[in-house]
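The values are calculated or read from the model by the stated rules, or taken from the named source; none is laboratory data. If you're wondering where the values come from, they're calculated on a predicted model, not measured in any experiment. So basically every Cβ, Gly included, is an ideal-geometry build from the backbone, and we count neighbours across all protein chains shown. We work out accessible area using only protein heavy atoms, side chains counted, and drop any ligands, DNA or RNA first. Shrake-Rupley method; radii C 1.70, N 1.55, O 1.52, S 1.80 Å.
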Amino acid sequence: MPIEEFDESFCEYYHALINPEKIKKEHGITEETVEFPGEPEIALIMKGFCIDDDNEVVNVLPDMYIYYSNEHAEKNYTTGTPASCSDDTTQITPMLPPFKLPDDFIYPEDFRGFMIHNLICQIRDVYWNMGEDPPAAYDIDGFGKGTGNFDYEEYNY
């Protein structure tokens, strides 16, 4: 995907990840509206896209899906629109916790690489969750699936 098209498709996602307070406000995730005590915190933000059989991006879904919780909640809660692609495409969904960027992070180039890294880690987590070792190309460190075998605090950017 050309960098300009990537920026147009994922700029809102990038801003949600670096400013989770704004996304909380936009989705009405406040201490007064949640089902658990305390201030809610964004755990993951997901944004899906659809690829065809040639691995070409044919649709970037317009909405995001948000997982939120805090130390008092017994589970994660969700809001937003879950990703949904047509039957003739495959859904790909980067899922990332909010993060603070290092000073040398260049948007959108580094963000595109960061999303690719997340997707590779998701593939790694699928292998781990099946009890198998991933192929060497996927056996990398990083945050993958929200329910993967990882230490969330280690990968909270």
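The table for this structure:
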{"item": "Mean residue ellipticity (222 nm) of the chain, computed from DSSP H runs ≥ 4 via -39,500 (n - 2.57), nearest 500", "result": "-9000 deg cm²/dmol"}
{"item": "Percent RCO, i.e. relative contact order, over the chain, from Cα pairs under 8 Å lying at least 6 residues apart", "result": "20 percent"}
{"item": "Distance in nm between pseudo-label sites at residue 88 and residue 51 (7 Å out along the Cβ direction from Cα)", "result": "1.9 nm"}
{"item": "Nearest-10 value in Å² for the accessible area of residue 69, using the 1.4 Å probe", "result": "20 Å²"}
{"item": "Positive-pole candidate from 3, 144, 42, dipole of the chain, charges at beta carbon", "result": "42"}
{"item": "Solvent-accessible ranking of 112, 124, largest area first, probe 1.4 Å", "result": "112, 124"}
{"item": "Heavy atoms of residue 117 accessible to a 1.4 Å probe, total area in Å² rounded to 10", "result": "60 Å²"}
{"item": "Residue 104 paired with residue 72, simple spin-label distance in nm, labels 7 Å along Cα-to-beta-carbon", "result": "4.2 nm"}
{"item": "For the chain, cysteines whose Cβ has no other cysteine Cβ within reach (under 4.7 Å)", "result": "11, 121"}
{"item": "Rounded to the nearest 10 Å², the accessible area of residue 99 at probe 1.4 Å", "result": "10 Å²"}
{"item": "Highest average packing first - 43-49, 131-137, Cβ atoms within 10 Å", "result": "43-49, 131-137"}
{"item": "Inverse of mean 1/r across different Cα pairs in the chain, Kirkwood, Å", "result": "16.6 Å"}
{"item": "By accessible area with a 1.4 Å probe, ligands and nucleic acids excluded, highest first: order of 130, 115", "result": "130, 115"}
